[in-house]
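Presented below is the structure to which this report refers.
Bear in mind these aren't lab numbers, they're just calculated from the coordinates by the rules spelled out. Just so you know, these numbers come straight off a predicted model, no measurement behind them. Cβ placement follows ideal geometry from the backbone for every residue including glycine, while neighbour counts extend to all protein chains displayed.
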Amino acid sequence: GHRRGAFTGAMQDRPGVFESAKGGTLFLDELDSLPRDLQPKLLRVIETRTVTRLGEFKPHPVDVRLVAASGRSPEEAVSRGELRRDLYFRLAVVRVTLPSLRDRLEDLPLLTKKLLENIGHNSVVVADGAAMDRLRQHPWLGNVRELRNVLERGLLLAHPGATALEQLPLRLSPVMGDEPKKTV
């Protein structure tokens, strides 16, 4: 956050994400990719439970629950020096490890339905059939984000009025490294 006049264009006071999440949950995605220069700042907020807006000296208390996610092992990021050990231990209070989508294909119908709802198309019927079979056979290297992209692309390319998953042109991404070789 910042205070009015703290920099050119700061026309009004603005709370930051920690202040805005007051009493709620703040989700930190891709923690293993957080730049090293920001990690001490995050650690300070966690330890002091305060933030200081840009242009101010007075700290503001923050009351948030932090949930952090990482696409790779945070322990490996610590061992490679990409993630501070003290930050990891501050955040690793309760660990939940979710298997990748390819390891839990039984969740595919429910995830597909939920993602379609989130995209704004809750009227599309998700049922077993050829389309779901194709989705089950895909390796999902991009995990749930890849599934969301496939569904969103299918919705954008579908004929108007499509009401079933079977009616969506589900264009699956080629598996990295398995693209057909071009002959010259």
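With N set to the number of residues, divide the alpha-carbon radius of gyration of region 100-180 by 2.2 N^0.38 Å and report two decimals.
In units of the globular-protein estimate, region 100-180 measures up at 1.03.
I'd like the Karplus ³J(HN,Hα) series for region 114-124: coefficients 6.51, -1.76, 1.60, θ = phi - 60°, whole numbers in Hz, and an x wherever there's a Gly or Pro.
These are the phi-based 3J(HN,Hα) values: 5, 5, 4, 4, 5, 6, x, 10, 6, 8, 6 Hz.
In the neighborhood of residue 54, defined by Cβ-to-Cβ distances under 15 Å, what is the net charge if each Lys or Arg adds +1 and each Asp or Glu adds -1?
It works out to a net charge of +4.
Over 17 Å apart: what share of the alpha carbon pairs of region 34-79 falls there, rounded to a whole percent?
47
Using modelled amide H (1.01 Å from N, peptide plane; none on Pro or chain starts), what sits under 5 Å from the amide H of residue 51, excluding residues fewer than 5 places away?
60, 62
How far apart, in nm, are two points set 7 Å out from the Cα along the Cα-to-Cβ line at residue 49 and at residue 26?
Those two pseudo-labels are separated by 1.4 nm.
Based only on Cα atoms, what mean projected area does the convex hull of region 73-128 have, in nm²?
About 5.9 nm², averaged over all directions.
Nearest 10 degrees, 0 to 90: what angle lies between the long axis of helix 39-48 and the longest principal axis of the chain (Cα atoms)?
60
Tally the DSSP beta bridges in the chain and give the antiparallel ones as a percent, rounded to 5.
The antiparallel fraction comes to roughly 35 percent.
Let me see the P(r) profile for the chain: every Cα-Cα distance counted, bins of 10 Å, each bin given as a percent of all pairs.
8, 25, 23, 23, 17, 4, 0
How far apart, in nm, are two points set 7 Å out from the Cα along the Cα-to-Cβ line at residue 156 and at residue 133?
A separation of 2.9 nm, rounded to one decimal place.
Among 40, 143, 67, whose Cα lies farthest out toward the positive end of the dipole of region 37-184, if unit charges sit on the beta carbon of Lys, Arg (+1) and Asp, Glu (-1)?
Value computed over the given set: 40.
Any chance you could get the radius of gyration and Dmax over the Cα atoms of region 1-103, in Å?
Rg, Dmax (Cα atoms, Å): 15.8, 51.
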